[in-house]
1. Using a 10 Å cut-off around each Cβ, can you sort B:Leu240, A:Leu68, B:Leu233 from fewest to most neighbouring Cβ atoms?
2. Once you average over the residues of A:48-56, how many Cβ atoms of partner chains fall within 10 Å of each Cβ?
3. Of the residues B:Ile21, B:Ile101, B:Ile209, which exhibits the maximal mean-square fluctuation in a Gaussian network model of chain B defined by a 10 Å Cα contact cut-off?
4. Peptide B:39-51: average number of partner chain Cβ atoms within 10 Å per residue?
5. How high is the relative contact order of chain B, in percent, with contacts defined as C-alpha pairs under 8 Å that are six or more residues apart?
6. Indicate the gyration tensor shape class of the range A:2-70 (rounded, prolate or oblate), computed on the Cα atoms with a ≥ b ≥ c the square roots of the eigenvalues: a/c under 1.5 is rounded; otherwise a/b larger than b/c is prolate and the rest oblate.
7. How large is ³J(HN,Hα), in whole Hz, for each residue of the range A:64-70 in order, when computed from phi with the Karplus curve 6.51 cos²θ - 1.76 cosθ + 1.60 and θ = phi - 60°, using x for Gly and Pro?
8. Counting only helical runs of four or more DSSP H residues, what would the 222 nm mean residue ellipticity of chain B come to if each run contributes -39,500 (n - 2.57) and the total is spread over all its residues?
Amino acid sequence: MEWIYFVTCIAILITMVLAVVRGLAGPTIFDRVLAVNMFGTKTVLFIAVISFLTGRPDFLDLALAYALINFIGVFAVLLFFQSREVRRAAEAEREAGK
Amino acid sequence: MMTIVFSLFLLTMLVIVAVAILRTENLFTAVMLSGIFSLIMAANFFVLDAADVALTEAVIGAGISTVLFLGALALTAEYDRSPPVGTWVPLLTSSALGGVIIFATFQAPRLGDPSAIVHQHVAPWYLEKTPELIDVPNVVTAVLASFRGYDTLGEVFVVFTACIGVMALLGRVRPRRDSIKEGEFKKATDNLRHHLIPRVVGKMLVPFIVLFGLYVQFHGDFGPGGGFQAGALVAAGVILYSLVEGGVRGRELVPEWFSSVLVALGAFTYTSVGVASMLMGGRFLDYSVLAHDPVHGQHLGILVIEAGVGMTVAGVMITIFHAFSRRGIR
């Protein structure tokens, strides 16, 4: 059964490479946000599979922490864009008012 | 063999991403790529069996630092305008330095070599004596909290000092309100309350993140984790709440005075354990004298100092986040 974990790890690593390629190539920022999110998900899976491969399933704690933490960054991105939009709109309005 | 394959794979990706971070001019892209960077790093730590470090990297690198970077980015321009400098001198310097380091690795022991110096020095003693002297399953916790308690005390004070430094830069500044009316701005941009799905999911997960943080705090003797990771996790829960509900409500949940007090209180707790052990006839941070049974004293000491570490780390993260979110209103 060991080898199936190994093969899964390799497959996840290849998926990680694809996510990195998308993150590097872009072209829009949303591609990069998605790449980071996908990479985080793959890290959760990678750690889960590795912990079974090395025979220590108690390290699933870590995968759990990753899964919980992963989307906080995405929330921050959402908030960042939202406040930037409003700020730009307000600045444009002020420019027009002058 | 397996470790080497995975590590090579991950480290190659790490180098590529690091170069890309340096080359990009869009700072937002750099923030996103640095998120990927720390996830790769954390996976690599895990492959190398450093579960405690991987947990720290996951929480701080991938979670909180992205939030803080974006908070900083909201205060600055979006594009990097580096001053034009010659590229040849830095390139030559760093290539030479890299060459020296690579040359030095030929002398270094191989990965996982049991006869390496680092495995011959004090590590065998720690592994042999931990069950007898401290009796916790996670040797990392024993080394970090008891054998090397001085180092960890130093780390706590480093974090404490860093917080004071950041607050000296960011804190106590009235936000600029010349362009937008503050109430209007807060309503529109300070929170995600009118986005239904993020709001519901985010608020639902906050208690679980805090609960998991407490689990990591008190389970650190047995599994990966401890005060540093737990403090960061609890802070991540508070930060998530502040992102969803807005900075104002976040500051109502954990007021700024409270998080500042927490920073100092954690460092104070740690130090007072050391002083208490001195008063009870032992040496500074020698927990064995804290109870009748030396092993029980060690358990007690580790529990209290881990709580101190957790308080300081959580306080520092929350204080810095509040400082950013307060500055963000402008």
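1. Working: B:Leu240 26, A:Leu68 23, B:Leu233 32.
By the 10 Å Cβ count, ascending, the order reads A:Leu68, B:Leu240, B:Leu233.
2. Numbers: counts 0, 0, 7, 2, 0, 2, 5, 0, 3.
Across the residues of A:48-56, the mean count of other-chain Cβ atoms within 10 Å is 2.
3. Between B:Ile21, B:Ile101, B:Ile209, it is B:Ile101 that shows the largest mean-square fluctuation.
4. Numbers: counts 12, 4, 0, 7, 11, 0, 1, 10, 5, 0, 4, 0, 7.
Across the residues of B:39-51, the mean count of other-chain Cβ atoms within 10 Å is 5.
5. Values: 406 pairs, mean separation 65.1, N = 330.
After rounding, I find 20 percent.
6. Values: a/c = 5.39, a/b = 1.69, b/c = 3.18.
It comes out oblate by the Cα gyration axes.
7. Per residue, the Karplus-derived 3J(HN,Hα) values read 5, 4, 4, 4, 6, 7, 3 Hz.
8. Details: 15 runs with 234 residues, N = 330.
Result for chain B: -23500 deg cm²/dmol, rounded to the nearest 500.
Coordinate-derived values only; no laboratory data. Everything numeric in this text was worked out from a predicted model, so none of it was measured. Quick reminder, even Gly has a Cβ in these numbers, built from the backbone with ideal geometry, and neighbours come from all protein chains shown.
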